[in-house]
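These notes are about the structure you will find just below.
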Amino acid sequence: MTPDVPSPPEVTRRGPLFWVTALIGGAGIAWGVRGLFAHHIDTRPANWAKFFVGGVILHDVVFAPLVLGAGYAVARLVPARARAHVQAGLIVVGCLALFSWPEVRDYARVNHNPTSLPYNYTANLGAVAAAVVVAVVVAAVGGWLLRRRSRPS
Amino acid sequence: MSTLIPRPLEDLVERVTTDPDLPLRQKRFSSALRDPRVAAWLGASLAVLFTICFVTGLFSHIQQHPVSWLPVPARPAGLYRVTQGVHVAAGIASVPVLLAKLWTIWPRVLTFPPFRRVSDVVERVEVLALIGGGVFQVFSGVANIAQWYPWRFSFTVTHFWVAWVAEGAIVAHLGSKWFVTRRSLRRRPRRPALSEIDPALGASAEGSHAGLSRRGFLGTVAAASGVLTFVTVGQTWPLLRRFAVLAPRKPAAQPINRSARNAGVITAATAASYQLAVSGRVARPFTLSLAELRALPTESAELPIACVEGWSYSARWSGVRLRDLLARAGAPGDAAVRVHSLEAHSIYSVSFVNHIQAHDPDTLLATHLDGRLLSLDHGYPLRLIGPDRPGVNQTKWVTRVEVV
């Protein structure tokens, strides 16, 4: 990779465009919030607010530090030449695991719908993750062979 | 910082927070991936995916909450199948993009002081709406398609209104980041790698910074989105059906969303006294027993059933044309109808069929699915099936057609 120097500071230009879009976007946000309160019987504002704010807090306090910790561990424990591939594999498998979490946990079983969640999601997640690992290893070995071949003798 | 704050606390704040006027890459956040160009690419991708979800979501909303000034057409028959399939697929594809974007801009979350100017306050509110709205929409959407409901609010109503919050925040964020995004996405001549200029220094620097490059990181996020799409989109796109191993439904098994048992209709639907009534704004209201209904001329149509949860399948439906029943009752030519189910106490026990769809030759009150008598879970003895309609509006266990 190309070693890099820090980027220059972001230019803070908050001219008419900033305020016009803030006004239009703010109107959209206000319309949404109005709807959430106007339909309070369906939206149960206290309950959705718990999930709305809870999602941000869960990300910022639990998820982000976990990812930062994982990144730190990879940087310390994985040899430099394999690091990029390990990071790529972890990102893809992590996203797959996060998405399929409700399926693996089979939360839908309480609905008594025989056609819902028809697969063995633990096994399928394992199979897809294994395929991702194989793809990463193939990419790593292929890249290494290519670099070796192109290296001047 | 004020001298009133104890020194150790001041040090701690200095160590864990970031400066809002410095670049993303600052202090302990030394990764080259904390880069405006990476943030710009991820932000632009997310804006496109969320806007696709917003537009297709609006179409789904109009389908379920009809407005008289914008009647939904009956053709193309598979339109809703495509729009809702795209809605869910774009939502799933946005999972890695959203997480990567949040990771990249994480130093901005730790900004201290939170604001220095009035415009900073505006931007903070807009970013809170964007992060909160984005995380809420993606989480609730993914949970909903897996039929996991850890909340007490109505998913469809809340998801719809939070979509306005998230989309409004995208518009505002677009304006606040327009210049930095445009500058970041502009093609720049490639800078030579340090190793090309000084091999020894380059090797040393690469050793300490090894890991994904910016391009590699963006490629990985794209790959994660691609893999997630690949293993789920077969629930609506037949071509990739065999690869949909993490999809919540299996279209080949002709899934349903609400069983007869859960709807509490088994006794009423199997009763010998079952009747279909056609009433309302008609000249000759009438009722039909099941035997009389089966004696009527039937038609067949190949139509998709497309769920709001993104899964769909096409099947051959047979039954009585709705427009034939309306003609028999002497309903006016511009008549729209409400179709009532035996199911009580459900927001989907009545569905509206506008005048275009009601008079479409393929809109049926079906008794058979793929040549077999409907099963109870599929709506026995009679269900509505029409072109370009969401599955929840293809009312099952039909007992009354009310002309309005």
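The values are calculated or read from the model by the stated rules, or taken from the named source; none is laboratory data. Everything numeric in this text was worked out from a predicted model, so none of it was measured. Quick reminder, even Gly has a Cβ in these numbers, built from the backbone with ideal geometry, and neighbours come from all protein chains shown.
Quick notes on this one:
- Members of segment B:105-140 found to be in contact with a Ser or Thr (Cβ under 6 Å, 6 or more places away or on another chain) and either of a type in the set (Ser, Thr, Tyr) or under 21 Å from A:Gly15 (Cα atoms) (or both), listed by number: B:Thr111, B:Glu123
- Remark: pairs (first residue in segment B:68-95, on the phi > 0 side of the Ramachandran plot; second residue modelled with pLDDT of 95 or more and assigned to a loop (DSSP other than H, G, I, E, B); Cβ separation under 7 Å; 6+ apart in sequence or on different chains) are absent.
- One residue from B:Val282, B:Val308, B:Val278 being assigned to a strand (DSSP E or B), touching a strand residue (DSSP E or B) at 6+ places or on another chain (Cβ under 9 Å) and not small (Gly, Ala, Ser): B:Val278
- Matching helices (runs of 4 or more DSSP H) fully within segment B:1-114 where at least 3 residues are of a type in the set (S, T, N, Q): B:36-64, B:79-104
- Any hit, segment B:30-40, residues being of a type outside the set (D, E, K, R) and touching an Asp or Glu at 6+ places or on another chain (Cβ under 9 Å): yes
- Of the residues in segment B:320-342, not one is closer than 23 Å to B:Leu79 by Cβ and in contact with a Gly (Cβ under 7 Å, 6 or more places away or on another chain).
- Looking only at segment A:64-80, and only at residues there that are under 17 Å from the mean Cα position of the chain (by Cα) and of a type in the set (Gly, Ala, Ser), the one that is nearest to the other protein chains (Cβ to nearest Cβ): A:Ala64
- Scope segment B:122-157; condition of a type in the set (S, T, N, Q), at the interface with another protein chain (Cβ under 8 Å from one of its Cβ atoms) and under 13 Å from the mean Cα position of the chain (by Cα); matching residues: B:Ser140
- Restricting segment B:243-267 to residues that are among the aliphatic types (A, V, I, L, M), touching an Asp or Glu at 6+ places or on another chain (Cβ under 9 Å) and over 20 Å from A:Ala131 (Cα atoms), the residue that is farthest from the other protein chains (Cβ to nearest Cβ): B:Val265
- Residue in segment B:99-116 that is closer than 24 Å to B:Ala224 by Cα, more than 8 Å from every other protein chain (Cβ to nearest Cβ) and over 26 Å from the mean Cα position of the chain (by Cα) present: yes
- Close Cβ contacts (under 6 Å, 6 or more residues apart or on different chains) running from residues in segment A:81-97 that are more than 7 Å from chain B (Cβ to nearest Cβ) and farther than 21 Å from B:Val95 by Cβ to residues that are small (Gly, Ala, Ser) and surrounded by fewer than 19 Cβ atoms within 10 Å (Cβ to Cβ) comprise A:His85/A:Ala140.
- Residue within segment B:224-242 that is assigned to a loop (DSSP other than H, G, I, E, B), crowded, with 18+ Cβ neighbours inside 10 Å, modelled with pLDDT of 95 or more and within 9 Å of chain A (Cβ to nearest Cβ) present: yes
- Matching residues, segment A:107-126, being more than 7 Å from every other protein chain (Cβ to nearest Cβ), assigned to a helix (DSSP H, G or I) and either touching a strand residue (DSSP E or B) at 6+ places or on another chain (Cβ under 7 Å) or without any contact (Cβ under 8 Å) to a residue 12 or more places away in the chain (or both): A:Arg109, A:Val110, A:Ala123, A:Gly126
- When we screen B:Val97, B:Val48, B:Val55 for residues that are buried (at least 18 other Cβ atoms within 10 Å of the Cβ) and at pLDDT 95 or above, the only hit is B:Val97.
- The set of residues in segment B:5-44 being touching a Ser or Thr at 6+ places or on another chain (Cβ under 8 Å) and small (Gly, Ala, Ser) consists of B:Ala32, B:Ala39, B:Ala40, B:Gly43, B:Ala44.
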